[in-house]
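Chemist: Starting off with a structure, shown below.
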Amino acid sequence: MTIFWGLMIPFIGTTLGALCVLFIKNELKPVIQKSLLGFAAGVMVAASVWSLLIPAMEMSDHLGQLAFLPAAVGFLVGIVFLLALDRLIPHLHLGSEESEGPKASLKKSTMLILAVTIHNIPEGISGGAVFAGLLMNNSKVTLAGAFALSIGIAIQNVPEGFIVSLPVRGEKGRIKAFLYGMFSGIVEPIGGGITILLASKITPVLPYLLAFAAGAMIYVVVEELIPESSEGTHSNVGTIGFSLGFILMMILDVALG
């Protein structure tokens with residue numbers, strides 16, 4: 001049950017964020033939206049470094065000066081994986097009028113949800129990889145550290161769940177907007193569970209899985225979150241949000257891990 005709740009915490013964060021669409025009438029001001037996107041980016045970058053890349057290299061100490069190799073390979077594969085999803089799945093980023101991926105006759109709300117779903121896949125993989133290390137009694141992974149990662153992702157999922165539900169509300173109403181926003185996060189526990197199953201079968205691949213999740217998360221940050229938080233006016237607000245998110249996740253990981 002401990003592992004189950006560890007994987008569910010990020011999904012609960014998304015659900016709480018989407019729930020806000022039932023009670024808050026007004027659209028988010030651009031300044032607030034930019035700060036929240038920047039905050040999410042900061043959390044993801046810090047989680048990628050402290051919760052994923054550093055443990056991946058520590059697990060490869062036996063390789064000596066080549067301890068970086070599994071982390072580097074996994075990181076690059078994670079980048080390529082998200083790049084492929086970007087090309088193969090039709091989606092629409094917040095604030096954009098032009099969809100990405102293959103052409104499809106999907107509604108704008110559906111395309112927005114698909115964009116966030118792509119975003120959530122690496123977060124699910126990262127949680128699964130860390131809890132897989134815990135199940136395999138890896139000395140570099142602690143229960144507190146694994147939950148620190150889950151809590152950090154959940155914190156940034158709260159505003160994300162709300163932000164993605166808002167555009168859907170005008171097209172489909174409050175209830176459907178909540179459901180769409182909530183289910184955009186279901187890929188996180190599913191992805192985490194699949195990752196645990198894979199990692200438990202092939203123990204030596206764990207450092208690669210951790211780095212893979214880090215690469216996928218960094219791709220999302222650089223390709224999506226940072227551009228959206230810095231475009232137009234008040235770009236410094238996104239930078240401040242990034243700094244706060246980074247510091248919070250760093251504190252969580254170091255203090256609990």
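The values are calculated or read from the model by the stated rules, or taken from the named source; none is laboratory data. The structure presented is a predicted model; accordingly, all values stated were derived computationally and were not measured. Cβ atoms come from the backbone with ideal geometry, glycine included; neighbour counts cover every protein chain shown. Keep in mind that these areas ignore ligands, DNA and RNA; they rest on the heavy atoms of the full protein, side chains included. Shrake-Rupley method; radii C 1.70, N 1.55, O 1.52, S 1.80 Å.
Chemist: Which number comes out as Rg/Rh for the range 109-257 once both Rg and the Kirkwood Rh are worked out on C-alpha atoms?
Modeler: 1.00
Chemist: Sticking with this structure for a sec: What does the accessible area per residue of the range 30-256 come to in Å², with a 1.4 Å probe and no ligands, DNA or RNA counted?
Modeler: Normalised by residue count, the accessible surface of the range 30-256 is 43 Å².
Chemist: Moving on to the next point. Please express the shape of the range 172-256 as an equivalent ellipsoid: the semi-axes are the square roots of 5 times the eigenvalues of the C-alpha gyration tensor, given largest first in whole angstrom.
Modeler: Ellipsoid semi-axes (Å, largest first): 28, 22, 13.
Chemist: Taking 0.36 nm per intervening residue step and subtracting the Cα-Cα distance, what contour gain separates ILE240 from ILE24 on full extension?
Modeler: Length gained between ILE240 and ILE24: 75.3 nm.
Chemist: Using just the alpha carbons, could you tell me how many Å³ per residue the convex hull of the range 9-144 encloses?
Modeler: 139 Å³
Chemist: Using Rg and Dmax of the Cα atoms in Å as the read-out, say which of (1) 17.6, 57; (2) 24.5, 102; (3) 18.9, 66 was calculated from these coordinates.
Modeler: Here the calculated entry is (1).
Chemist: Using unit Cβ charges (K, R positive; D, E negative) and no other charged atoms, how large, in debye to the nearest 20, is the dipole of the range 132-233 about its Cα centre?
Modeler: 420 debye
Chemist: Same structure, new question: Could you work out how far apart the two model spin labels at LYS201 and ILE251 are, taking each label as a point 7 Å from the Cα in the direction of the beta carbon, and quote it in nm?
Modeler: Roughly 4.2 nm, to one decimal.
Chemist: Same structure again: Just report the Cα centroid separation between the range 33-55 and the range 157-193, whole Å.
Modeler: Going from one Cα centre to the other spans 20 Å.
Chemist: How fast does the range 56-105 diffuse by Stokes-Einstein, in µm²/s, taking the Kirkwood radius from C-alpha pairs at 37 °C and 0.692 mPa s?
Modeler: Using the Kirkwood radius from Cα pairs, D works out to 247 µm²/s.
Chemist: Sorted by mean Cβ packing within 10 Å, highest first, what order do the peptides 176-187, 124-135 take?
Modeler: So the peptides 176-187, 124-135, ranked by packing, come out 124-135, 176-187.
Chemist: Between TRP5 and VAL31, what FRET efficiency comes out of the Förster formula 1/(1 + (r/R0)^6) with R0 = 25 Å and r the beta carbon distance, rounded to 0.05?
Modeler: The value I calculate is 0.10.
Chemist: Run the count for the chain, please: Lys pairs, Cα-Cα under 20 angstrom, 8 or more apart or on different chains.
Modeler: Eligible lysine pairs with Cα atoms under 20 Å apart amount to 8.
Chemist: Now a separate question. For n ≥ 4 DSSP H runs only, could you compute -39500 (n - 2.57) per run for the chain, divide by its residues and tell me the 222 nm figure to the nearest 500?
Modeler: -24000 deg cm²/dmol, from helical runs alone.
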